[in-house]
1. Confirm whether B:Ala122 is within 16 Å of ligand 1 (Cβ to nearest atom), within 14 Å of another protein chain (Cβ to nearest Cβ) and modelled with pLDDT under 90.
2. If B:Val57 passes every condition in (1) more than 12 Å from chain A (Cβ to nearest Cβ); (2) among the aliphatic types (A, V, I, L, M); (3) surrounded by fewer than 22 Cβ atoms within 10 Å (Cβ to Cβ); (4) touching a strand residue (DSSP E or B) at 6+ places or on another chain (Cβ under 8 Å) but one, which one does it miss?
3. Only residues that are within 11 Å of chain A (Cβ to nearest Cβ) and open to solvent by 70 Å² or more (accessible area, probe 1.4 Å): list them for the range B:16-52, please.
4. Return only the number of the condition from (1) modelled with pLDDT under 95; (2) part of a loop (DSSP other than H, G, I, E, B); (3) more than 16 Å from ligand 1 (Cβ to nearest atom) that B:Ala5 does not satisfy.
5. Looking only at the range B:132-139, decide whether some residue is assigned to a loop (DSSP other than H, G, I, E, B) and over 14 Å from B:Gly56 (Cα atoms).
6. Residue by residue through the range A:1-46, note down the ones that are more than 30 Å from B:Thr2 (Cβ to Cβ) and among the polar types (S, T, N, Q).
7. If we scan the range B:236-253, do we find a residue that is away from ligand 1 (no atom under 16 Å from the Cβ), open to solvent by 30 Å² or more (accessible area, probe 1.4 Å) and either not in a helix (DSSP H, G or I) or not aliphatic (A, V, I, L, M) (or both)?
8. Would you mind stating whether B:Ala139 is open to solvent by less than 10 Å² (accessible area, probe 1.4 Å), within 24 Å of B:Arg258 (Cα to Cα) and more than 9 Å from chain A (Cβ to nearest Cβ)?
Amino acid sequence: MSERPIRVLIAKPGLDGHDRGAKVLARGLRDEGFEVVYTGLRQTPEMVVSAALQEDVDVVGLSILSGAHLTLLPRIVALLREAGLGDVLVTAGGIIPPDDIPALREAGVAAVFGPGTAIGEVADFLRANVRDRSA
Amino acid sequence: MTEAAAAHGVRLAEEARAGSRRALARLLTEVERRSPAGEAALRLLYPLSGEAHLVGVTGAPGAGKSTLVAALIRAARATGRPVAVLAIDPSSPITGGAILGDRVRMQEHAGDTDVFIRSMAARGHLGGLATASVDAAAALAACGFPLVLIETVGTGQSEVEIAAVADTTLVVQSPEMGDEVQAIKAGLLEVADLVAVTKGDRPGADLAAAQLRAMLTVGAQHDRAAGDRPRPRRPEVVVVSGATGLGVADLLAALDRRSAAQRTEAGMAASRRARAAAQVDGIVAERIRERMADPARRAIREATIDAVATHALDPYDAADRLLREILP
Ligand SMILES: Nc1nc2c(ncn2[C@@H]2O[C@H](COP(=O)(O)OP(=O)(O)OP(=O)(O)O)[C@@H](O)[C@H]2O)c(=O)[nH]1
Ligand SMILES: [Mg+2]
């Protein structure tokens, strides 16, 4: 039997067309030993949740630049719970005003990483906070 | 195997069979980890997976494999058939991490519960990639997905391992110059049952297909037996476009014809036998490694290896001793 690396889904919900940041994060996490499932741009909350379910990921990392975080992120958390994936860690990154962070935390987003966050810091947070989902 | 783990595996298998996609996803994780739960689930599912058609889809990086897989899913769904995909990407040999990016091209199917797409990293499988992916495919087949498309990047070992266990290997070739040379270099054509020249919406595809056909004719006198089973002497070359869907329905029909022919083959289809052999051999290797990992035996192993390192013992004697240790 083997321990699998932590599996992270990286998705970009919303309509903006920039995924450079998401790709940098994907490569960085790979180099930290994570398995990163990348789903690309313009994902609806339903698409994110269906991918998270099929891929059985431990973490859903959402990169968001469009300003729609206050609607999209809580919706994704709610749909994950509905799908029985309440034990999946949800994190967000991109351009999110600090004033909005408490509401997102309240909605179930475990961490919000600002644009300058070092990959190592993200990796450490994920290692420390993923839940054991093997039972 | 602990009873709780086995019961967990059986429960996942039953729920997955009853249609729970979440249970199926969890089950695939257990299968991939080679855990006792995964083993218990497979014992239950293997007998129910006999109708599977495993199609390996391989080709150079960027050849258009994922786009073509998405188009094949579309063609299969148009007739109401469920489809599963295992998308395998290489892992970093240093960190063990991986970027699994094939899903990007397949997300149009995300809302369809009769399409199940799972990404898998190539390395770190104890019984080998073939064992893990064949087991995953068996689980998918038993849970309502008899057509399983397995995408691998044709740059090294993975595609050869998958070709050895697939019923059909589809080699995807893009018409761009340079790719062709790469395909030959990587020995990809050696494992082909069918060749799809994709990006057929662009100029050059027909020419590339003609070149490939000519090349395959030259090589036809050799027996192509790569991957443990005979391959057609001259695999069919078809022009398709994953982007526009050109030729994709015909390609799916060609895959179905192969599947039907294999089913009616006198005796057993060679691919099934090759797959069974890879599975059993993989599990035997896994069992040996497991037994060796037991602490008492590990100590004996270390001591035996030390003795070989100092030339006090020859490696053949050493191996025989270790085998006697682990066999009852
Ligand atoms: N015009 C055209 N472009 C295509 C077609 N299929 C793929 N492409 C493009 O080719 C590039 C690679 O396509 P993918 O489907 O990701 O190729 P792949 O072989 O799966 O790539 P890897 O998994 O990274 O090895 C993308 O930019 C696609 O848009 C096609 O039929 N026509
Ligand atoms: Mg691909």
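1. yes
2. For B:Val57, the failing item is (3).
3. Within the range B:16-52, just B:Arg22 meets the criteria.
4. Failing condition for B:Ala5: (2).
5. Looking for residues that are assigned to a loop (DSSP other than H, G, I, E, B) and over 14 Å from B:Gly56 (Cα atoms), one finds none in the range B:132-139, hence no.
6. Scanning the range A:1-46 gives A:Thr39, A:Gln43, A:Thr44.
7. Yes, some residue in the range B:236-253 is away from ligand 1 (no atom under 16 Å from the Cβ), open to solvent by 30 Å² or more (accessible area, probe 1.4 Å) and either not in a helix (DSSP H, G or I) or not aliphatic (A, V, I, L, M) (or both).
8. It is true that B:Ala139 is open to solvent by less than 10 Å² (accessible area, probe 1.4 Å), within 24 Å of B:Arg258 (Cα to Cα) and more than 9 Å from chain A (Cβ to nearest Cβ).
The values are calculated or read from the model by the stated rules, or taken from the named source; none is laboratory data. Please read these numbers as outputs of a predicted model, since none were measured by experiment. Glycine also receives a Cβ, built like all others from the backbone with ideal geometry; neighbour counts cover every protein chain displayed. Remember, those area values only see protein heavy atoms, side chains included, never the ligands or the DNA or RNA. Shrake-Rupley method; radii C 1.70, N 1.55, O 1.52, S 1.80 Å.
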